[in-house]
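Peer 1: Below you'll find the structure I mean.
The values are calculated or read from the model by the stated rules, or taken from the named source; none is laboratory data. All values reported here derive from a predicted model rather than from experimental measurement. Here the Cβ positions follow ideal geometry from the backbone for every residue, glycine too, while neighbour counts run over all protein chains shown.
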């Protein structure tokens, strides 16, 4: 936690450290579940990228 927060210039106050540690543990558990799923690189299908439309000028 200290190394990661230092890399991004983030200070984590003492009272938040237990919650941050819990979140990181949950995130690690979720990552382990995803990493355990076998994927075939030959069949990797990428999802399309959403590109929102540009807003139209109201009165030109």
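Peer 1: Just checking, which of 27, 32, 4 is modelled with pLDDT of 95 or more, surrounded by 10 or more Cβ atoms within 10 Å (Cβ to Cβ) and not in a loop (DSSP other than H, G, I, E, B)?
Peer 2: 27
Peer 1: So which of 50, 16 is modelled with pLDDT of 90 or more and surrounded by 10 or more Cβ atoms within 10 Å (Cβ to Cβ)?
Peer 2: Answer to the check: 16.
Peer 1: Here is a follow-up. Six or more apart or on different chains, Cβ atoms under 8 Å: show the pairs whose first residue is in segment 12-34 and on the phi > 0 side of the Ramachandran plot and touching a residue at least 24 places away in the same chain (Cβ under 8 Å) and whose second is surrounded by 11 or more Cβ atoms within 10 Å (Cβ to Cβ) and part of a helix (DSSP H, G or I).
Peer 2: Correct list of pairs: empty, since none qualify.
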